[in-house]
Amino acid sequence: MTDLQTLTVYGLALGGSERPAATGATFDVTDPATGAVIARVADAGADDARAAVAAAHTVADEWRATPARERSRILRRAFDAVTDRAEEFAAVITAEMGKPLADSRGEVAYGAGFLEWFAEEAVRINGRTAAAPAGTGQIVVTHEPVGLCYAVTPWNFPLAMITRKVGPALAAGNTMIVKPAAETPLTALLLARVLTEAGLPDGVLSVLPCSSPVAVSDALFAEPDLAKITFTGSTAVGRKLLAAAAPGVLRTSMELGGNAPFLVFEDADLDAALDGAMLAKMRNGGQACTAANRFLVHESVRAEFVERLTERIAALTVGPGAHADSEIGPLISEKQRTTVAALVDEAVADGAVLRTGGAAIDGPGHFYAPTVLDQVPADARILREEIFGPVVTVRGFTDEAAAVAEANDTEYGLAAYFYTRDAARVQRVGAGLRSGMVGVNRGLISDPAAPFGGVKASGIGAEGGSEGIGEYLNVKYLALPAV
Ligand code: NAD
């Protein structure tokens, strides 16, 4: 599986076995650091999608009746296996997605964490009972698995974005079909293999990589068995999937785009804010939905903050993720590099001050120099759109309320960060920021034990935490007679 030196052909993980696509088609997976083809993967189509539904149908009743303790043990064994094979997973993530090995190792720990967390949650799916206030009966509330779930995931966290869905779905007794991003199918297939080895019954989980998602998606949405779509990716695609889910009135979970503000107040611990800024912006080379896109810094500390941040960002080592000293890998594609370059060029043309970077790096791979833009004009496009690259934008402010209003002036509401030492301001600003997650004096907020999700155009629902399993359960009320 991980012998990436030689071109290997990978099959679909369908019904517990690895097999070619029904059409025999394959597609190439490339290393974004070199552009080289590293693997060839079976290219799923409509027939494969229907076969995965049939495989799930066959095992669904048995799986939902499997004791929670047994489902928990399977997830726990998968957690142990991913953890034992962390280096192998990290190497595959770096090879197909490009992030530095240190970031990949971090993702493996984070991604495995969802298997561990939901192994623990599987045995704590509790209902409640109450006496009807009028004395007319007993109210018994139980939870049931929703059924067959279709998961569509992005390339930027090829493991964690899948375990965050697979963990709770399987813990709750559902079946699932995963369509990973075409850029990163190998990590998904390796995870499927690990889950099979951990004892997951055939058909409970299928992984269907495909070069073009529409045929697989259309086939799945046409299936009466389909109960839920759970998506992580861009808001634009999320809107399409919400529309596709409407005719079947499917359950939906949407983890969509972000445009996180990062506020630094005049009383902030600047050393901590700089450390937090590096994490919130540069992890994954800025290719994260939680990436800080808009730095808003109080005018009294802006010059020092920008100076010191520029120094640290200019010192970052850019190179292939597999090189031990690389801190920033390539962008995922040439298209993404062109997008980032256009946003930066336009901001500079509009009057932003370029402090470092601002250009693509020549050579193979889609590298872009880590960049700092100061005094970005309020109406610049780069402040409205997700950058998804190693680019910092800074604007100054003098008034707290105006800064919070500017932070909220976006269609997105996923993550926000702020740094202050003032306890009253922690409460005020924490309450005032319109986002699903807020980092308070912290630049890294993701945790399998915490709910991850956005408001506004950033999504619907939350993954992780004790909230995450609820996305995969239907509430059922049994009305019993009074005793
Ligand atoms: P994308 O929306 O382009 O693609 C995501 C997935 O959707 C891929 O698997 C893709 O093949 C699939 N897809 C695209 N069109 C489809 C269609 N018509 N039908 C079915 N599937 C389709 O996003 P991306 O470029 O892979 O990832 C980056 C985006 O993901 C960013 O917007 C980022 O903010 C977001 N993201 C959000 C979170 C979160 O938790 N909120 C986490 C990571 C990434």
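Do any trypsin sites (Lys or Arg not before Pro) in the stretch 365-426 lie in a DSSP loop with no more than 16 other beta carbon atoms within 10 Å, and if so, which?
For trypsin sites (Lys or Arg not before Pro) across the stretch 365-426 that sit outside H, G, I, E and B with at most 16 neighbouring Cβ atoms in 10 Å, the list reads 384, 421.
Using only Cα atoms, tell me the angle between helix 334-349 and the longest principal axis of the chain; keep it within 0 to 90° and round to the nearest 10.
So the inclination is approximately 40 degrees.
Compute the long axis of helix 101-121 from its Cα atoms, compare it with the longest principal axis of the Cα atoms of the chain, and write down the angle in degrees, 0 to 90, nearest 10.
Roughly 40 degrees between the two axes.
With the other protein chains left in place, how much accessible area per residue, in square angstrom, belongs to the stretch 260-440 at a 1.4 angstrom probe?
Accessible area per residue, the stretch 260-440: 38 Å².
Could you derive backbone 3J(HN,Hα) for the stretch 417-432 from the dihedral phi with the Karplus parameters 6.51, -1.76 and 1.60 (θ = phi - 60°), listing whole Hz in sequence and x where the residue is Gly or Pro?
So the Karplus estimates, Gly and Pro as x, are 9, 8, 10, 7, 9, 8, 5, 5, 5, 4, 5, 5, 6, x, 6, x Hz.
Assigning unit charges at the beta carbon (Lys, Arg +1; Asp, Glu -1) and nothing else, what dipole magnitude in debye, to the nearest 20, does the chain show about its Cα centre?
1180 debye
Using only the alpha-carbon atoms, what does the chain span along each of its principal axes? Please give whole angstrom values in decreasing order.
That gives 67, 67, 40 Å along the principal axes, largest extent first.
As I understand it, the value is the acute angle between the Cα axis of helix 299-314 and the longest principal axis of the Cα atoms of the chain; what does it come to in degrees, rounded to 10?
Here the helix axis deviates by roughly 70 degrees.
To the nearest 20 debye, what is the magnitude of the charge dipole of the stretch 65-153 about its Cα centre, counting +1 on the Cβ of each Lys and Arg and -1 on the Cβ of each Asp and Glu?
It works out to roughly 380 debye.
Among the listed pairs 228/456; 335/456; 165/228; 179/476; 456/476, which are separated by more than 18 Å between their Cα atoms? Please report the intermediate quantities before stating the final value.
On the way: 228/456 21 Å; 335/456 27 Å; 165/228 12 Å; 179/476 29 Å; 456/476 28 Å.
The pairs that break the limit, which is 18 Å between Cα atoms, are 228/456; 335/456; 179/476; 456/476.
Give me the percent of accessible area attributable to carbon and sulfur for the chain, probe 1.4 angstrom.
Values: 9810 of 18450 Å².
Ligands and nucleic acids excluded, carbon and sulfur reach 53 percent.
Can you give me the long-range amide H partners of residue 267? Hydrogens built in the peptide plane at 1.01 Å from N, cutoff under 5 Å, separation of 5 or more residues or another chain.
The answer is 421.
Counting alpha carbon pairs within less than 8 Å and at least 6 residues apart, what relative contact order, in whole percent, applies to the chain?
18 percent
The values are calculated or read from the model by the stated rules, or taken from the named source; none is laboratory data. Just so you know, these numbers come straight off a predicted model, no measurement behind them. A quick note on method: Cβ atoms are made from the backbone with ideal geometry, for glycine too, and the neighbour counts reach across all protein chains shown. Heads up: the accessible areas ignore ligands, DNA and RNA and are worked out on the full protein's heavy atoms, side chains in. Shrake-Rupley method; radii C 1.70, N 1.55, O 1.52, S 1.80 Å.
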